[in-house]
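Written out below as structure tokens is the structure these notes cover.
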Amino acid sequence: MKPDFNSMTKIELRAYVIAHPNDKTAFHAFVDRFTSEASTKTFDIPKSIAEVEEVDILIRQKLEQLKTT
């Protein structure tokens with residue numbers, strides 16, 4: 001009997017997928033869950049070294065912000 005993937009938290013579902021790598025149903029539930037909750041924002045590819053550095057700074061700021069929340 002398969003567990004109810006819809007009732008699992010993200011952490012539980014991820015752990016289940018890792019523990020059962022051949023369970024395609026679980027994997028699809030995992031991908032569907034994370035895809036549906038993902039941001040729809042898109043960004044242009046950096047076109048210069050300055051833009052790459054700016055993106056790097058923004059990523060580091062976001063990571064720091066996530067650590068403090």
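Here, each number is a calculation from the coordinates, and none is a lab measurement. Quick caveat: nothing in here was measured; it's all calculated off a predicted structure. Cβ: placed from backbone, ideal geometry, glycine included. Neighbour counts: every protein chain shown.
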Single residue of the stretch 18-30 satisfying the filter (out of contact with any Lys or Arg (no Cβ under 9 Å at 6 or more places or on another chain) and in a loop (DSSP other than H, G, I, E, B)) that is surrounded by the fewest Cβ atoms within 10 Å (Cβ to Cβ): 22
For the stretch 36-63, give me each residue that is in a helix (DSSP H, G or I) and surrounded by 11 or more Cβ atoms within 10 Å (Cβ to Cβ). 51, 52, 53, 54, 55, 56, 58
Just to be sure before I move on: is residue 33 assigned to a helix (DSSP H, G or I) and loosely packed, with under 12 Cβ neighbours inside 10 Å in the structure I sent? no
